[in-house]
Amino acid sequence: MANVFPDADGKNERCCWLKRSLCALVLFSASYFAYFSFFSGNNVVRDLRQCPFCEPSPPSPPVVAGAAARSPTTLAHIVFVIGASNATWAKRRVYTGLWWRPGAMRGHVWLDDEPSGQWRPSWPPYRVLRPDEARFGKEHAAAARMAWAVAEAFQAAEAGREGDGEVRWLVMGDDDTVFFPENLVAVLDKYDHREMYYVGSTSESVGQNVVHSYSMAFGGGGYAISYPAAAALAGIMDGCLDRYNEFYGSDHRVQACLAELGVPLTTEPGFHQLDLKGHVYGLLAAHPVAPLVSLHHLDRLNPISPNWLKRLPAVRSLVGASRHDPSRTLQQAICYHHDARGGGRRRRRRRQFTLSVSVSWGYMVHLYPAAVPPHELQTPLRTFRAWSGSPAGPFTVNTRPEATPNATALPCHRKPIMFYLDRVTAMSTSTTNWTLTEYVPEVLSGERCNTTGFDAATKVQMIQVIALKMNPAIWKRAPRRQCCKMQNANEGDKLIVKIHELGKEKKRRKGRSGRTIGGRRAGSDRWAIALAIDRPLGLPNREAIRKLRWMREEMREMRSGLTSQGTQTTIVDIQIHVLQKYKRLQMQRKRRLHSTGILDGSDETNFFETSPTEKNFKSGVGEKRARLSTTYCTQQVTPEEEDDISKGGGADKRDPQVNPLVRITQILSKLHLCKN
């Protein structure tokens, strides 16, 4: 065989050598992997090898089909985990006492040691959880302690040590966090507690979010974890704290552990971390359309209301107002008042002006002596500075500058006159509940403003806001800012504002085109804003609107007078007579201008004011004064038309063969709408 196959033996030897090498390599690899897995001291690798976030989470309570099977969430379903220490609790406990309700709430203050003084019954009960410096190091032990408190709170709830009743949510916060409990319940009630939820908000400062995480709920502003998510988090908390020991705060550790479970942050803008400095009234006065849930860092900021000299009374005022109508607290309402009424024939006509009002319910009111559009009013004034870095931000919300001594001053009509909450009065009937809030102005400086509405704005010494109590169920609907109306804006020193829900105000009688007789749609402020801001929005100009209002009022009075006398006439005859009366008044004004030599439109006579002795066509009803005044129309009247009017040409002398609708069209073509 060797002669036939001379290379057979060599190939067999090489094949056997290759097999032995492969076996040795496999044995060595298996030995190395076994040593690495079972004898390595790398905690992170060992924990990841166990893959805690790959294991199935503890079984959740059985989910019953249908939303109706879930009962509403209440305060009894929430367990609070308040982070504190003996050093901080002595200074910040007053803030916890503002919102804590003994007997109605469950939870604990987690201290790092036994308290030295007597523990008051009005405070939350406490538990002691000491930091483990040997395990986490002195620098990170405090943050790890508060993250571990979340797992401890769940275990206590699971064992029934948090009292009787179902636990649906764990809510974390600091000892200087002020919660608004009813609004917290309204927010959590939107979510199914049987699912894994992690609810909170990020910081207002971009720098803080960059340093920590945009996916993290900041613990000072508070965050909530549903019961299934807390159960899964407690199962992996031990190893998770070791993996993320280098993180700064406990809230970042909790977020990293929840990320391993695949639970993202559900953002709710009502949680306020307030990583800011200075005054924050500019931010709070333009609160988003969401319930106010929490405020933080109140012991480091200036008093939230500048009219208070100390921090605590300012916060106490806001908390006290929220108890009357929690859902409406800090909710913004915007309205306008446009004054265009004259002062009569013999008195000098007053200048037109517009007032803009932005109500932050239970907190303050901003009054502007000019028309400021809503998109600007809902943008916070930059009265605050960033927590770190550049004082001017950036921030996670848009801001508009405020005039300061060291900055470029804003136009005076863009600076609000601020009114602060003075008192709240609750009123009710058998069917409705509402509130009356009163606001007093700040002390104004001697600075004057040339804006036409400045005198009217500074004359106001009190603003009264009337509002129905808001139903918390409104937060389950699509968010929409509410509206308001101003009354008594032209007389006296008191301004009355009524807040109403858009689309719920009393509907007015509509004309053929769908627009209301009053000049705007029911349930909308588009016409009021268009008149105030002087933006057409596709609607007739202001001169035409006043003309139409005057004509409609004349037609309404004339028709009522004819009906009372039993006179038979048509609507066409009434329309033609009103148009002719409009032309006669124009000619009278033109002659008066020629006689006085005033041809520039600056006369002092109100065109739409008529004498009380002047009579309507075929009726004994005296004409009323028009509701709105106008600037004067400078359109010309031809000599032929003047002769026709002077000869008494009217509705009875028109050609009977001419179609009345054609006649109206001809008159309207001559009496075209005046343009500004």
Examine the stretch 365-381 for a residue that is part of a loop (DSSP other than H, G, I, E, B), under 30 Å from Ile474 (Cα atoms), in contact with an Asp or Glu (Cβ under 9 Å, 6 or more places away or on another chain) and modelled with pLDDT of 85 or more, and state whether such a residue exists. yes
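Each row is one residue, and each column tells you yes or no for (1) at pLDDT below 55; (2) in a loop (DSSP other than H, G, I, E, B); (3) hydroxyl-bearing (Ser, Thr, Tyr).
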site: Leu22; (1), (2), (3): no, no, no
site: Leu27; (1), (2), (3): no, no, no
site: Leu48; (1), (2), (3): yes, no, no
site: Phe53; (1), (2), (3): yes, no, no
site: Pro59; (1), (2), (3): yes, yes, no
site: Phe80; (1), (2), (3): no, no, no
site: Thr88; (1), (2), (3): no, no, yes
site: Tyr95; (1), (2), (3): no, no, yes
site: Gly107; (1), (2), (3): no, no, no
Take the residues of the stretch 166-210 that are outside any helix (DSSP H, G or I) and β-branched (Val, Ile, Thr): which is farthest from Asp251 (Cα to Cα)? Val167
Is at least one residue of the stretch 261-280 over 21 Å from the mean Cα position of the chain (by Cα), surrounded by fewer than 18 Cβ atoms within 10 Å (Cβ to Cβ), over 30 Å from Lys138 (Cα atoms) and not assigned by TED's automatic domain parsing to the domain that holds Ser213? yes
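Within the stretch 104-126, track down each residue that is in contact with a strand residue (DSSP E or B) (Cβ under 8 Å, 6 or more places away or on another chain) and among the hydrophobic types (A, V, I, L, M, F, W, C).
Within the stretch 104-126, the first condition is being in contact with a strand residue (DSSP E or B) (Cβ under 8 Å, 6 or more places away or on another chain), and the residues that meet it are 105-115, 119, 123-126.
Those that are in contact with a strand residue (DSSP E or B) (Cβ under 8 Å, 6 or more places away or on another chain) and among the hydrophobic types (A, V, I, L, M, F, W, C): Met105, Val109, Trp110, Leu111, Trp119, Trp123.
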Quick check on my filter: what residues within the stretch 245-258 are more than 30 Å from the chain's Cα centre (by Cα), surrounded by fewer than 21 Cβ atoms within 10 Å (Cβ to Cβ) and not charged (D, E, K, R)? Asn245, Tyr248, Ala256
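Each row is one residue, and each column tells you yes or no for (1) surrounded by 19 or more Cβ atoms within 10 Å (Cβ to Cβ); (2) modelled with pLDDT of 90 or more; (3) assigned by TED's automatic domain parsing to the domain that holds Lys494.
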residue: Asn398; (1), (2), (3): no, yes, yes
residue: Pro401; (1), (2), (3): no, no, yes
residue: Asn406; (1), (2), (3): no, no, yes
residue: Pro411; (1), (2), (3): no, no, yes
residue: Phe419; (1), (2), (3): yes, yes, yes
residue: Arg423; (1), (2), (3): no, yes, yes
residue: Met427; (1), (2), (3): no, no, yes
residue: Thr435; (1), (2), (3): yes, yes, yes
residue: Leu444; (1), (2), (3): no, no, yes
Looking at Ala159, Ala217, Ala134, Ala229, can you tell me which residue is free of Cβ contacts under 8 Å to residues at least 60 places away in the same chain, buried (at least 24 other Cβ atoms within 10 Å of the Cβ) and either over 24 Å from Arg92 (Cβ atoms) or assigned by TED's automatic domain parsing to the domain that holds Arg477 (or both)? Ala229
Between a first residue in the stretch 1-30 that is at negative phi and a second residue that is modelled with pLDDT of 75 or more, which pairs have beta carbons less than 7 Å apart while being 6 or more apart in sequence or on different chains? none
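Evaluate the following for Ser305: is it buried (at least 18 other Cβ atoms within 10 Å of the Cβ), of a type in the set (Ser, Thr, Tyr) and part of a helix (DSSP H, G or I)? Spell out the reasoning first.
Numbers: buried (at least 18 other Cβ atoms within 10 Å of the Cβ): yes; of a type in the set (Ser, Thr, Tyr): yes; part of a helix (DSSP H, G or I): no.
When the stated conditions are applied, Ser305 does not pass them.
The values are calculated or read from the model by the stated rules, or taken from the named source; none is laboratory data. If you're wondering where the values come from, they're calculated on a predicted model, not measured in any experiment. Positions of Cβ are backbone-derived with ideal geometry, glycine not excepted, and every protein chain shown enters the neighbour counts.
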